[in-house]
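Worksheet: the structure to be examined is printed underneath.
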Amino acid sequence: MWEAIKHRETGQIRSNSFANRFKSRRILSLQLSNRKDFVSPHRGSVNSLQVDLTEGRYLLSGASDGSAAVFDVQRATEYEASGLIAKHKCIFTVDKQHENGHKYAITSAIWYPIDTGLFVTGSYDHYVKVWDTNTSQAVVDFKMPGKVYRTAMSSLAMSHTLIAAGTEDVQVRLCDIASGAFSHTLSGHRDGVMSVEWSTSSEWILYTGGCDGAIRFWDIRRAGCFRVLDQSLTQLGVRPPILKQKAVSIKVSAAKSSLGGQNRLKTLQSKNTGSQIVKGSSSAKASVEKSRQKRLHPGMLSTLDRATAHYGVVTGLKATNNGMYLLSAGSDSRIRLWDIESGRNTLLNFETGRIQTNKAIQLDTSDDPALVFVPCMKTVKACDMWSGRATLMLRGHFESVNSCCFNSSDQELYTSGADRQILVWSPGGSVEGEMMQDEVAEDKDNWSD
Amino acid sequence: MKRKTNPESSASGAKKRRREEEDEEVGCSHAGIEDETISEDQCRLLQDDLTFSDTSVALRMMRAQLPRIDQASVPPFILQSQLYSSVNDRTQVDRELECLRREKVVRVFKLNTGQDDHAIIFLDDYLKQVDRIVKRMEEKKQNDLDIFKWFKEHVLDSKLEPSIGHHELFSLLSLGGKVKDAHITLLINAGLLTRQLVDPDMYWFTIPSIGKLWKGLLQGRNELLSMLKRKRHKEMFLAELEKKRLRYSPLDMRFHIRDLIGSGHLKTVQTTSGLIVRISRD
């Protein structure tokens with residue numbers, strides 16, 4: 001470590017890489033924190049966690065007993081064990097006793113991306129509520145046609161404040177806070193929508209994953225989705241290959257035609273006529289299909305596309321921060337990495353073992369040692385994003401883990417699960433720890449009979 | 001790499017042993033080149049090895065080791081979870097399998113077990129199986145056998161995925177001639193296509209007469225897991241486990257061990273007295 005500081009002083013490494021080196025080392029040494037603890041007021045499994053996007057200071061959690069709580073991550077409310085253990089109690093909580101509180105489980109609690117003055121909760125009681133943080137009052141209510149599985153707001157949005165809500169209904173609804181009404185609905189899924197995620201590169205693009213196993217890309221300014229991800233469309237590598245030159249294909253076809261003798265030409269001709277006859281009948285069929293398609297609005301043509309991204313329900317979606325890749329978790333216990341530009345499966349195999357199948361899970365990513373934090377039953381596995389190997393296995397929960405949230409400014413991971421706990425994982429081996437060990441070493445020689 | 005001889009043609013035990021030695025020679029040369037850390041006491045026969053260096057080596061090895069159950073007449077298949085347990089890097093397995101699939105060397109089938117099971121069969125074996133079915137149907141004096149020819153020529157050649165939609169199937173078969181619904185029923189009866197509960201509009205390619213082995217696979221998995229769970233520490237030596245025989249499954253023990261290690265239910269730990277197989281508790 002002192003070597004690195006010396007290099008920084010002499011200018012051999014730049015300040016960015018100096019900071020990143022420390023951060024990566026800290027992230028790779030994550031372990032259950034023995035300095036910090038959240039006192040969870042929830043009486044049901046905690047379904048959703050999010051740290052606010054503006055300061056990275058407040059943690060919002062939503063639980064199955066209809067309660068949502070806010071914690072301060074940086075300042076503890078009290079200290080125990082002579083100042084060594086920081087206990088963070090919740091700043092406030094809204095639950096069933098609240099006059100406008102949710103009546104059933106809260107599945108998703110997110111902050112308003114612009115500031116921490118508002119937060120949005122979605123629940124199994126078919127409501128999406130927007131709350132004012134300072135007065136703890138529900139400001140706007142949206143009634144959905146089914147249980148709300150996931151809500152999301154775009155962190156890049158400059159011109160809209162839309163909440164995308166995925167429910168057990170086949171349509172994704174966009175709710176507008178400014179007007180208090182629904183702005184529009186997105187149809188195309190054939191079953192409920194379990195995960196919703198806005199793009200990190202464009203404020204108009206939304207990714208949704210459904211219970212039918214399909215992942216659809218929507219541009220909310222247009223009708224219908226513009227892409228459906230298909231797991232059989234693959235690319236070997238994380239970037240699509242450069243297209244081969246067209247000249248090669250022309251050469252090949254020229255060679256083929258020059259090879260043909262009389263017999264070959266005859267057989268080719270007969271094959272052509274044969275296929276033409278067949279084409280007649282198939283073109284009749286094709287025209288029938290086209291007329292069937294013509295009856296649909298061009299935006300709805302995507303409903304005919306039944307490609308699936310997973311052999312089961314898509315339980316979690318996460319777009320990487322550089323906007324190039326999308327991670328999806330499915331109930332077939334697979335995590336897939338998709339290249340957003342080409343829409344193909346990069347065939348990365350993440351060593352995660354079994355994943356929870358009945359509930360939505362929340363994945364998170366870290367940028368510098370590109371890791372994906374995946375909740376796999378009772379453990380959280382941190383897998384390397386480009387090779388798929390599990391680098392860290394974090395065991396601490398007593399029941400299955402539902403969500404992970406990574407705080408990149410402090411390099412801490414917050415996880416929550418069905419055991420009603422919110423656990424903090426912080427980098428082990430701190431400088432203070434080393435200093436403490438030195439003191440103990442000195443005292444060892446100071447003894448007498 | 002030379003092509004292995006067809007396992008169907010070598011019925012006698014002596015021939016099988018010779019072929020295995022052949023495999024071992026080729027395999028050892030591969031192992032020698034790629035893995036220099038093989039120590040003297042670890043230089044066992046490659047066919048007894050649990051991990052291989054390359055996906056295609058692993059595929060050919062495992063195909064050679066599958067026991068012949070003549071009354072079932074199923075082509076030798078390998079499960080994808082077995083490949084994961086045999087090669088170190090799962091992503092490499094997926095990518096190489098994709099390359100092999102695109103080059104039409106192997107075909108991948110999705111098995112209807114409820115979990116994410118895929119079976120891999122070499123294309124030659126599969127085509128031979130289709131031919132055998134056609135011959136059997138001819139003997140039973142079924143007519144309309146052109147459908148199998150169209151199936152082989154048009155559908156198998158162009159559709160490399162494990163499933164196919166109804167309209168696409170119709171249009172591809174129509175490239176051969178006029179297709180009726182009765183033809184598709186014939187294909188389903190022959191065991192080449194099936195439907196699964198997931199989607200009513202999709203047909204899935206299947207391995208013909210897989211039923212007995214499929215049932216054996218499920219029951220064998222349960223039996224092996226319960227055998228290990230009954231032990232006090234839920235573990236057993238690999239050498240000892242391989243000697244046992246499963247009552248409910250015609251497939252051999254090594255098949256099931258590889259499959260369960262690849263799907264994550266079991267894990268192997270290297271100890272001073274050899275490999276131990278343990279139930280993974282995650």
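Observations on the structure shown:
- Overall Cα dimensions of segment A:125-242, principal axis frame, Å, largest first: 55, 30, 24
- Additional length obtainable on full extension of the chain from B:Arg136 to B:Arg247, 0.36 nm per residue less Cα span: 36.8 nm
- Point-to-point label distance, A:Lys96-B:Leu127, nm (Cα→Cβ direction, 7 Å offset): 6.6 nm
- Cross-link check: pairs B:Lys110/B:Lys229; A:Lys378/B:Lys215; B:Lys141/B:Lys178 evaluated at a Cα-Cα cut-off of 25 Å; pairs beyond the cut-off: B:Lys110/B:Lys229; A:Lys378/B:Lys215.
- Model label points for A:Glu341 and A:Ser29, set 7 angstrom from Cα along the Cα-to-Cβ axis, are 3.7 nm apart.
- Distance (nanometres) between label positions extended 7 Å along Cα→Cβ at A:Thr10 and B:Leu160: 5.3 nm
- Proxy reagent accessibility, fewest Cβ within 10 Å first, across A:Phe373, B:Phe237, B:Phe109: B:Phe237, B:Phe109, A:Phe373
- When the P(r) is computed for segment A:289-421, the part past 28 Å accounts for 24% of the Cα-Cα pairs.
- Computed Rg/Rh of segment A:24-107, alpha carbon atoms with Kirkwood Rh: 1.03
- Computed from the C-beta positions of B:Arg232 and B:Gln92, the FRET efficiency with R₀ = 56 Å rounds to 0.90.
- Directionally averaged projected area (segment B:158-235, Cα convex hull): 7.3 nm².
- FRET efficiency estimate (nearest 0.05) - Cβ-Cβ, B:Leu197 to A:Met158, R0 41 angstrom: 0.35
- Span from the segment A:340-366 Cα centroid across to the segment B:110-159 one, whole angstrom: 33 Å
- Using a Förster distance of 45 Å, the FRET efficiency for A:Trp447-A:Asn20 (Cβ separation, nearest 0.05): 0.50
- Whole-Å distance, taken between Cα centres, linking segment B:206-282 and segment A:135-185: 49 Å
- Pairs beyond 25 Å (Cα-Cα), from A:Lys89/A:Lys143; A:Lys103/A:Lys143; A:Lys103/A:Lys359; A:Lys23/A:Lys129; A:Lys6/A:Lys87: A:Lys89/A:Lys143; A:Lys23/A:Lys129; A:Lys6/A:Lys87
Since every read-out is calculated from the coordinates, none of them should be taken as a lab result. Predicted, not measured: the structure shown is a model, and the values here were computed from it. Here the Cβ is made from the backbone with ideal geometry for all residues, glycine too, and neighbour counts use every protein chain on show.
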